[in-house]
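A.B. asks: Let me begin by handing over the structure; questions about it come next.
The values are calculated or read from the model by the stated rules, or taken from the named source; none is laboratory data. This structure is a prediction, so every number in the text was calculated from the model and none was measured. Heads up, the Cβs are rebuilt from the backbone with ideal geometry, glycines too, and the neighbour counts pull from every protein chain shown.
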């Protein structure tokens, strides 16, 4: 798992500088980099993380057995998690800012006969194009982490809005102890651009979460659970991630 995360960030670093015009905004550079990366069909983007698999098995044991819960993934990329959720019996929806990622996700789901009812959108996480109380679960795997604090606050408000009462949020996001995460140009207290060293070098905008910040962002939720995963790569490169579960009352 740690190799997959590191390879992803290193590949973004390799393409970021070469894929956007010099006058592009930070957001445009980020999207150009992810478009270029997803066009390479990286192997790490093909499989769901084990933490998500365990959460789904425990929380939705009856999915596909007489029930069809609705799942939304924020920052769905080329569809690895949506592929898993569809196979588990969910009705799936996904949103990503990368047009290439959405195209890849559609191709993968269609190739395996899972794309018929998939609702995939190119768009903005902070303004979700679905009605209130629509989903049983919303998933984020490290996508919210690539935004500024005001955008993150808007995203969590949107997640709460689109979840049904009793619905779940599952998230995996970078902690503020990840090597170098706050070493770049400071945008706000926990967000930087152009990280100077560590596994997130070259990834544009990155945000390092603390537990206190996440508790505030999830204050409207109940049954909040935090797990913390630490991975070391080599002698001095650390990846720290929060694994979060929370339920809308």
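A.B. asks: Looking at the structure I just gave you, is residue 182 part of a loop (DSSP other than H, G, I, E, B) and touching a residue at least 40 places away in the same chain (Cβ under 8 Å)?
C.D. replies: no
Here is a yes/no grid of residues against (1) part of a helix (DSSP H, G or I); (2) over 17 Å from the mean Cα position of the chain (by Cα):
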residue: 154; (1), (2): yes, no
residue: 158; (1), (2): yes, no
residue: 167; (1), (2): no, yes
residue: 178; (1), (2): no, no
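A.B. asks: Okay, moving on. Any residue in region 144-162 that's closer than 16 Å to residue 72 by Cβ: show its pairings with residues that are modelled with pLDDT under 95 and part of a helix (DSSP H, G or I) at Cβ separation under 9 Å, as long as the two are six or more apart or on different chains.
C.D. replies: If the second residue must be modelled with pLDDT under 95 and part of a helix (DSSP H, G or I), the pairs left are 144/151.
A.B. asks: Further, regarding this structure: Just a yes or no: is a residue in region 28-47 modelled with pLDDT of 75 or more and part of a loop (DSSP other than H, G, I, E, B)?
C.D. replies: Yes, the conditions are met somewhere in region 28-47.
A.B. asks: Might you check whether a residue that is surrounded by fewer than 23 Cβ atoms within 10 Å (Cβ to Cβ) and closer than 25 Å to residue 246 by Cβ occurs anywhere in region 103-117?
C.D. replies: no
A.B. asks: Which of the strands (runs of 3 or more DSSP E) found entirely inside region 74-144 contain at least 1 residues meeting this: at pLDDT 95 or above, out of contact with any helix residue (DSSP H, G or I) (no Cβ under 9 Å at 6 or more places or on another chain) and closer than 25 Å to residue 209 by Cβ?
C.D. replies: Strands (runs of 3 or more DSSP E) meeting the threshold: 135-141.
A.B. asks: Mind checking whether some residue in region 52-59 is under 19 Å from residue 166 (Cβ atoms), more than 20 Å from the chain's Cα centre (by Cα) and either in contact (Cβ under 8 Å) with a residue 60 or more places away in the chain or not in a strand (DSSP E or B) (or both)?
C.D. replies: yes
A.B. asks: While we're on this one: Working only within region 90-108, note down all residues that are touching a strand residue (DSSP E or B) at 6+ places or on another chain (Cβ under 8 Å) and farther than 23 Å from residue 160 by Cα.
C.D. replies: Result: 98, 99, 102, 105, 106.
Condition check ((1) more than 25 Å from residue 126 (Cβ to Cβ); (2) surrounded by fewer than 20 Cβ atoms within 10 Å (Cβ to Cβ)) across all residues:
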{"site": "58", "(1), (2)": "yes, yes"}
{"site": "65", "(1), (2)": "yes, yes"}
{"site": "83", "(1), (2)": "yes, no"}
{"site": "91", "(1), (2)": "no, yes"}
